[in-house]
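Q: Below: one structure in structure tokens.
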Amino acid sequence: MTNRILRLAAIAIASVLAPNAVLADSHEKQVTAYVQKNVAPWLSDKTVINAVEASNKKHQRLLQADIDKMDKEWIAARKAKAAHAPMDALMKNDLATFLKKKREASKGVIVEFFVMDNRGLNVGQTDPTSDLWQADEAKWQKSFGAGPDGIFVDKVEEDGGLNVSQVSLTIADKKTKRAVGAITVVVDMGKLPK
């Protein structure tokens, strides 16, 4: 009798979890296919690589205490909804302009972009981010941290009335094949082509 109850319980659990597993798997495949077709091809563009390499050089000697201080100032300005020159600069530089054009060309599929350097610091972005330093988050660790072919698809979340998923890819130098940074792409699941 006990084995029968355990089998029935296992079947019941599997029937509840299986559709969610299929949805999660489907979401990851769908988002990955879109980003690999529509984003990955231009990650080696000189605008992207030059901005990331310049940021890597600029930040190479920073201590973690310096990064923490910069991140805290960013977070405080964001919470206060105050003008913040470093944030403004990263939304107005050449890379940000490039990213905004790519977002516009996506016809609403892409909600937001932000690019990070090899320290996890933002380099250029289309919108304000909640913080400056991403290296303590899965989006950077599972893309840049995974090497030149790294890709990480996060779960679907509600954000401002949209169901979105963040997809992060490593940015690699084509010549050396080494990871130099990462990009996070926020995708509107409702506008993603089927």
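Q: Can you pull out every residue in the stretch 126-138 that is part of a loop (DSSP other than H, G, I, E, B) and either in contact with a Cys (Cβ under 8 Å, 6 or more places away or on another chain) or within 17 Å of ARG78 (Cβ to Cβ) (or both)?
A: Within the stretch 126-138, THR126, ASP127, PRO128, THR129, SER130, ASP131, LEU132, GLN134, ASP136, GLU137 qualify.
Q: Follow-up question, since we're still on this one. Any residue at all in the stretch 103-116 that's in a helix (DSSP H, G or I), within 16 Å of the chain's Cα centre (by Cα) and at pLDDT 95 or above?
A: Scanning the stretch 103-116, I find at least one residue that is in a helix (DSSP H, G or I), within 16 Å of the chain's Cα centre (by Cα) and at pLDDT 95 or above, so the answer is yes.
Q: Of all residues in the stretch 76-94, how many are at pLDDT below 95 and either among the polar types (S, T, N, Q) or more than 18 Å from SER55 (Cα to Cα) (or both)?
A: 9
Q: Determine whether the stretch 57-71 contains at least one residue that is under 20 Å from the mean Cα position of the chain (by Cα), part of a loop (DSSP other than H, G, I, E, B) and crowded, with 16+ Cβ neighbours inside 10 Å.
A: Checked the stretch 57-71: no residue is under 20 Å from the mean Cα position of the chain (by Cα), part of a loop (DSSP other than H, G, I, E, B) and crowded, with 16+ Cβ neighbours inside 10 Å.
Q: Also, quick follow-up: Residue by residue through the stretch 107-135, note down the ones that are among the hydroxyl-bearing types (Ser, Thr, Tyr) and within 17 Å of GLY181 (Cβ to Cβ).
A: Of everything in the stretch 107-135, those that are among the hydroxyl-bearing types (Ser, Thr, Tyr) and within 17 Å of GLY181 (Cβ to Cβ) turn out to be THR126, THR129.
Q: Among ALA105, ALA80, ALA96, which is touching a helix residue (DSSP H, G or I) at 6+ places or on another chain (Cβ under 9 Å) and surrounded by fewer than 17 Cβ atoms within 10 Å (Cβ to Cβ)?
A: ALA105
Q: Name the strands (runs of 3 or more DSSP E) wholly within the stretch 139-194 that hold at least 2 residues that are more than 13 Å from LEU43 (Cα to Cα), free of Cβ contacts under 8 Å to residues at least 24 places away in the same chain and under 15 Å from the mean Cα position of the chain (by Cα)?
A: Once the strands (runs of 3 or more DSSP E) in the stretch 139-194 are filtered for at least 2 residues that are more than 13 Å from LEU43 (Cα to Cα), free of Cβ contacts under 8 Å to residues at least 24 places away in the same chain and under 15 Å from the mean Cα position of the chain (by Cα), what remains is 151-159.
Q: Could you list all residues from the stretch 121-145 that are among the hydrophobic types (A, V, I, L, M, F, W, C) and surrounded by 17 or more Cβ atoms within 10 Å (Cβ to Cβ)?
A: LEU121, VAL123, LEU132, TRP133, ALA135, TRP140, PHE144
Q: Looking at (1) without any contact (Cβ under 8 Å) to a residue 24 or more places away in the chain; (2) farther than 26 Å from SER165 by Cβ, find the lone condition where SER26 falls short.
A: Of everything listed in (1) without any contact (Cβ under 8 Å) to a residue 24 or more places away in the chain; (2) farther than 26 Å from SER165 by Cβ, SER26 misses just condition (2).
Q: Can you name the number of the only condition in (1) part of a loop (DSSP other than H, G, I, E, B); (2) within 24 Å of ASP159 (Cβ to Cβ) that VAL123 fails?
A: Condition not satisfied by VAL123: (1).
Q: To continue, here is another question. So, in the stretch 86-102, of the ones that are touching a residue at least 40 places away in the same chain (Cβ under 8 Å) and part of a helix (DSSP H, G or I), which residue ends up farthest from MET189 (Cα to Cα)?
A: Going through the qualifying residues, I end up with PRO86.
The values are calculated or read from the model by the stated rules, or taken from the named source; none is laboratory data. Worth saying up front: this structure is predicted, and the values here are computed from it rather than measured. Here the Cβ is made from the backbone with ideal geometry for all residues, glycine too, and neighbour counts use every protein chain on show.
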